[in-house]
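Below is one structure, written out as structure tokens; comments come after it.
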There are 2 protein chains.
Amino acid sequence: MVLVRLKGFEKLTNVDEALSIFFKALKPKRLGIQRILVDDALGRVTAEDTAAPVDLPSFDRSAVDGYAVRAEDTFAASQFKPKTLRFTQKNSVNRGQARQVWTGNPLPKGSDAVIMLEYTRTTRNQLQTLIAVTPGENVSKKSEDISEGEIVVRAGMRLQPYHIGFLAALGIIYVNVVEKPKVAILSTGNELVELGKKPRRNKIVNSNRFVIEGLCRELGAEPVYLGIAKDDEKDIGARILEGLEDADVVVTTGGTSVGVADLVPIVVNKMGKPGVVVHGVAVRPGMPTALGILKSKPIFVLSGNPVAAIVGFEVFARPTILRLQGIEHESRPVVKAQLAKRVAGVLGRRVYLRVKAFEKAGEFVAEPVHTKGSSLYSSMTRANGYVVIPEDREGLEKGETVHVHLFSSLAD
Amino acid sequence: MVLVRLKGFEKLTNVDEALSIFFKALKPKRLGIQRILVDDALGRVTAEDTAAPVDLPSFDRSAVDGYAVRAEDTFAASQFKPKTLRFTQKNSVNRGQARQVWTGNPLPKGSDAVIMLEYTRTTRNQLQTLIAVTPGENVSKKSEDISEGEIVVRAGMRLQPYHIGFLAALGIIYVNVVEKPKVAILSTGNELVELGKKPRRNKIVNSNRFVIEGLCRELGAEPVYLGIAKDDEKDIGARILEGLEDADVVVTTGGTSVGVADLVPIVVNKMGKPGVVVHGVAVRPGMPTALGILKSKPIFVLSGNPVAAIVGFEVFARPTILRLQGIEHESRPVVKAQLAKRVAGVLGRRVYLRVKAFEKAGEFVAEPVHTKGSSLYSSMTRANGYVVIPEDREGLEKGETVHVHLFSSLAD
């Protein structure tokens, strides 16, 4: 079949070029900075480098329960030839002495190692060590974890449980994080009704809203729902304006294709400069995606088909929302897997193929989820990741090694 | 060195055996079920299978903007030999007719395919199609996504954005989810002070609390902090009792080793039956971990060393908290990588080695994070995953293929 395009997109922009055009044109305002308790900081993104205010540990301390000693006093001790040391209660250990310490206790002056409890025998005032220890053994040295002034967490890090623990261990109570980006979400289409409204015949429940809200939350952004706009320029324009006033990002779904209903890009272009900077992307699904900028804020005009909207969000909105937070790189987990069967690509288009990845006899396998349309939720719920078929490939071969980008847990 | 054990654990239980003993002895009460709005269900775990109440789509609908036709009327049409059809405004399409439809519109009676707008030319009341379409082309068939009565989401699924969208698309407003398990967290140790209290000399900020809270939240559980108990049986016992009354799970840190300060397992055993079912696990770090059960509730007695506590939580508390929610399997993402250098293991112990995994020239590489102790937060913040060295291996070889379990995003 010869590709004829009498109407439609003059030219589809390839994904990398689209991203490059968009990021070059976008000069977003920096998000605000919030000072919050470390208790509340899980999953938030740091706004700046944080330096250690003190050494950790702040003193040489015992890493075990046992006896602090001078290591040289234990040399040559063994199970069969124990060495005998005298107990001291003082906070310093002299030659031939041992002092009991618990995990975390400061190392008494003069001692340089700790013998674990279980390698000793005790009498009333004598200790027999059944092993030799080397200087520093079972000791957490001052600043072994981090030195005063060193960076604990860099700017642009999403805080994990152990980051919070690290900050707390250093006595840090507050941390400066980036404000959650607000994402205004607009659904368009005369055919849509809100969930819970009695759906009349031929109407469709607006479900994209929930998908986009969820995807935003997963990135640490705060969704703001703008409702459903009719296929009407004024209605769409007014709501986008509302979104631009309140939010840092606007995402719309529906009204992106090239028919008469192709309203959202038209409206965005009428609202100001630069307006739409990309319309029509060489991607499948998600071809009619448009990328706009108004008031220095990004606008993602996504397809009304759920899967196409998800792909458009993944490819364009996701990296943008991460960048706004100062995160340069936060990839989905990737597994290398063998493709279970041949799949067709589309020359000149980047195809996002849903697959189910699982482990089989120690090997990872990616099984393409068969689906016709980009409107099927079941193609997502039966998959746990996607594989990218590059623009220059007619397809991927059975058994070929592919990268699976996981959006859910590996399957059994 | 000959391993001598005069005090200490009689015997270390290996990890798989410990899990088996523990799960056999644990007969947890089922968590309650909560009926919530799908709007609030992101990340929650389904309590039951949910069946589709209707077909989706509920009618044959157009998947594109274009013209609904009888496919046979278009056969043999081409760019060079277009076929001409007459427009109709009616809701049925007869031979030789075409009716304009937008994406999502119901397919008019009599039509069986849709020609995309861009492959047509129109005059006032005539349509020229430049391509042939096959029956079903560009049509979303009734129930193509799911049929009434089919399962949309199974019990024990953590709801992702596209699950929520799927449920909403089907008109489902409420979903039954498992109540969030409550996890009571107790920190023990005379050396500990709360974050924010002026730390006196030789004191340590209680940071484990924040780590365990974060790990719980990541699993969808609700942490309840019980404070710091002194190394005192009464204090520890009273707080564990408080935890057992209010929560579904108790996690303690500190006071697990075999010295005089080995209080928590002693207390748990005094509190009732079966008490401690495992004490001392052949794992590194985390050897002094104890697993207890009181009032049919699991008690995880973890090390006071942060990394050992994290490993103990990962190995024992994580699968338990998931099971309580009805999730049989929710693995961390796994990448296969080549180990960058040789690492030593410990025969008879399962070693959790922190590594930094990254992609280099298309290959994944796992670089061990060098660290002596299990007390160092920096060994976590410099890593993004762990590799398991099995009990029967003296070490892993440089270049060996290993599975990296990611706890954070892949590194650059």
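The values are calculated or read from the model by the stated rules, or taken from the named source; none is laboratory data. Quick caveat: nothing in here was measured; it's all calculated off a predicted structure. Positions of Cβ are backbone-derived with ideal geometry, glycine not excepted, and every protein chain shown enters the neighbour counts.
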Candidate set from the range A:339-357 (those that are part of a strand (DSSP E or B) and out of contact with any Leu (no Cβ under 7 Å at 6 or more places or on another chain)); member that is surrounded by the fewest Cβ atoms within 10 Å (Cβ to Cβ): A:A344
Please go through the range A:83-98 and pick out each residue that is under 17 Å from A:E72 (Cβ atoms) and of a type in the set (A, V, I, L, M, F, W, C). A:L85, A:V93, A:A98
Restricting the range B:18-66 to residues that are in a helix (DSSP H, G or I) and not hydrophobic (A, V, I, L, M, F, W, C), the residue that is farthest from the other protein chains (Cβ to nearest Cβ): B:K24
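Out of the residues in the range A:67-86 that are of a type in the set (A, V, I, L, M, F, W, C) and more than 10 Å from every other protein chain (Cβ to nearest Cβ), state the one that is nearest to A:T122 (Cα to Cα). Walk me through how you get there before you give the answer.
If we filter the range A:67-86 for residues that are of a type in the set (A, V, I, L, M, F, W, C), which is where we start, we get A:68-69, A:71, A:75-77, A:80, A:85.
Pick out the ones that are also more than 10 Å from every other protein chain (Cβ to nearest Cβ) and you get A:68-69, A:71, A:75-77, A:85.
Numbers: A:A68: 14, A:V69: 14, A:A71: 18, A:F75: 18, A:A76: 19, A:A77: 15, A:L85: 10 Å.
Going through the qualifying residues, I end up with A:L85.
If only one of B:T13, B:T84 is farther than 28 Å from B:M157 by Cβ, more than 34 Å from the chain's Cα centre (by Cα), of a type outside the set (G, A, S) and modelled with pLDDT of 90 or more, which one is it? Give the steps one after another, and end with the answer.
On the way: B:T13 fails: more than 34 Å from the chain's Cα centre (by Cα).
One residue alone meets the criteria, B:T84.
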Within the range A:151-173, identify whether any single residue is touching a residue at least 60 places away in the same chain (Cβ under 8 Å), under 30 Å from B:V38 (Cβ atoms) and more than 9 Å from chain B (Cβ to nearest Cβ), and answer yes or no. no
Subset tally (residues that are at the interface with another protein chain (Cβ under 8 Å from one of its Cβ atoms) and closer than 24 Å to A:A221 by Cα) for the range A:174-204: 1
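Quick one: is A:E148 more than 30 Å from A:T50 (Cβ to Cβ) and either part of a loop (DSSP other than H, G, I, E, B) or charged (D, E, K, R) (or both)? Before you say what the answer is, go through the steps one by one.
Values: more than 30 Å from A:T50 (Cβ to Cβ): no; either part of a loop (DSSP other than H, G, I, E, B) or charged (D, E, K, R) (or both): yes.
Taking the combined requirement at face value, the residue does not satisfy it.
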Which one of these does A:E328 not meet: (1) over 26 Å from the mean Cα position of the chain (by Cα); (2) closer than 28 Å to A:K180 by Cβ; (3) at pLDDT below 95? (1)
Single residue of the range B:105-126 satisfying the filter (at pLDDT below 95 and in a strand (DSSP E or B)) that is nearest to A:S378 (Cα to Cα): B:P106
The lone exception for A:K336 - which of (1) part of a strand (DSSP E or B); (2) at the interface with chain B (Cβ under 10 Å from one of its Cβ atoms); (3) farther than 21 Å from B:R332 by Cβ it fails: (3)
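If we keep just the residues of the range B:87-125 that are more than 28 Å from A:I204 (Cβ to Cβ) and exposed (fewer than 13 other Cβ atoms within 10 Å of the Cβ), which is farthest from the other protein chains (Cβ to nearest Cβ)? Walk me through it before giving the result.
Looking only at the range B:87-125, we keep the residues that are more than 28 Å from A:I204 (Cβ to Cβ), and these are B:95-96, B:121, B:123-125.
Cutting the leftovers down to exposed (fewer than 13 other Cβ atoms within 10 Å of the Cβ) gives us B:95, B:123-125.
Numbers: B:R95: 24, B:T123: 13, B:R124: 16, B:N125: 17 Å.
Going through the qualifying residues, I end up with B:R95.
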Would you be able to say whether some residue in the range B:358-366 is basic (K, R), in a strand (DSSP E or B), more than 18 Å from the chain's Cα centre (by Cα) and surrounded by fewer than 20 Cβ atoms within 10 Å (Cβ to Cβ)? yes
So how many residues does the range B:184-205 have that are buried (at least 16 other Cβ atoms within 10 Å of the Cβ) and either at pLDDT 95 or above or outside any loop (DSSP other than H, G, I, E, B) (or both)? 10
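Being hydroxyl-bearing (S, T, Y), in contact with a Pro (Cβ under 6 Å, 6 or more places away or on another chain) and at negative phi narrows it down to one residue among B:S78, B:S111, B:S140, B:S147; which is it? Full working, then the answer.
Working: B:S78 fails: in contact with a Pro (Cβ under 6 Å, 6 or more places away or on another chain); B:S111 fails: in contact with a Pro (Cβ under 6 Å, 6 or more places away or on another chain); B:S147 fails: in contact with a Pro (Cβ under 6 Å, 6 or more places away or on another chain).
Sole residue among the options that is hydroxyl-bearing (S, T, Y), in contact with a Pro (Cβ under 6 Å, 6 or more places away or on another chain) and at negative phi: B:S140.
So, A:T84, is that one surrounded by fewer than 20 Cβ atoms within 10 Å (Cβ to Cβ) and without any contact (Cβ under 8 Å) to a residue 24 or more places away in the chain or not? Write out each step before concluding.
Values: surrounded by fewer than 20 Cβ atoms within 10 Å (Cβ to Cβ): yes; without any contact (Cβ under 8 Å) to a residue 24 or more places away in the chain: no.
So A:T84 does not fit the description; no.
Do we find a residue being out of contact with any Cys (no Cβ under 6 Å at 6 or more places or on another chain), polar (S, T, N, Q), within 14 Å of chain B (Cβ to nearest Cβ) and closer than 30 Å to A:A51 by Cα anywhere in the range A:128-142? Break it down stepwise before answering.
Step one: filter the range A:128-142 for residues out of contact with any Cys (no Cβ under 6 Å at 6 or more places or on another chain), giving A:128-142.
So of that shortlist, the ones also polar (S, T, N, Q) come out as A:128-129, A:134, A:138, A:140.
This time we only want the ones that are within 14 Å of chain B (Cβ to nearest Cβ), so: A:128-129, A:134, A:138, A:140.
In the following step, the residues that additionally are closer than 30 Å to A:A51 by Cα were identified as A:138, A:140.
Yes.
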Flagged in the range B:260-289 as surrounded by fewer than 24 Cβ atoms within 10 Å (Cβ to Cβ) and of a type in the set (A, V, I, L, M, F, W, C), in numbering order, are B:V260, B:A261, B:I266, B:M271, B:V276, B:V277, B:V278, B:A282, B:M287
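Please enumerate the residues belonging to the range A:100-119 that are small (G, A, S), within 11 Å of A:V69 (Cβ to Cβ) and under 43 Å from the mean Cα position of the chain (by Cα).
Here is the first cut: in the range A:100-119, the ones small (G, A, S) are A:104, A:110-111, A:113.
Okay, now just the ones that are also within 11 Å of A:V69 (Cβ to Cβ), so A:110-111, A:113.
Within the range A:100-119, A:A113 is the sole residue that qualifies.
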